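Everything on this sheet refers to the single structure shown next.
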Amino acid sequence: YSRAFKYCYGVMLSGKVAEVDSADLGKIASQCYFNMAACHQLREDHESVVYCCTKGLSIDGRNVKGLFRRSQAFFSLGLMEEAMADAKKALDIEPNNKAIMKQYRDLKEKEKAANTNIAQAMTKFLA
């Protein structure tokens, strides 16, 4: 994927591409980023997943797979707010996607549990 991306990027930089071809190359480049993110996800390299998805989403900001993968990576890194934001955006784009609905529901449950733990700790602290 990285070779394919480098090829697309080189062609775009050469300036020898028509506007239509440039849009196609951008889409191919974003897909390369998302596929590289999937490879990093299999290796549990969450920082690289976030990086690749962020680069791909800078080209195609409404890519549901990119948002979903980045949400999962953010969650694995303990970045709940970012994970929730990406899951919500993906759900807004595809409201009937079962995987995204499950991810969003799971994140909500984790958030609720964390808030309960914080409330209990604060109660003990102030008692």
Percent of alpha carbon pairs in segment 37-126 separated by more than 18 Å? 47
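Quote to one decimal, in nm, the extra length available between R43 and E94 on full extension: 0.36 nm per residue of separation minus the C-alpha distance between them.
Working: separation 51, 0.36 × 51 = 18.36 nm, distance 2.70 nm.
Net length gain for the segment: 15.7 nm.
Arranged from highest to lowest average of other beta-carbon atoms within 10 Å per residue, in what order do the peptides 53-62, 69-78, 98-107 appear?
Numbers: 53-62: 17.8, 69-78: 21.3, 98-107: 16.0.
Top of the packing list down: 69-78, 53-62, 98-107.
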Holding the Cα-Cα limit at 31 Å, pick out from K27/K89; K55/K88; K55/K102; K27/K88; K27/K110; K55/K98 the pairs that are longer than that. K27/K110
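How high is the relative contact order of segment 27-113, given as a whole-number percent (alpha carbon pairs under 8 Å, six or more residues apart)?
Taking the mean separation of contacting Cα pairs over the length of segment 27-113, I get 22 percent.
Bear in mind these aren't lab numbers, they're just calculated from the coordinates by the rules spelled out. Since the structure is predicted, the reported quantities are computational estimates derived from the model, not experimental observations. For neighbour counting, all protein chains shown are included, and Cβ atoms are generated from backbone atoms with ideal geometry for every residue, glycine included.
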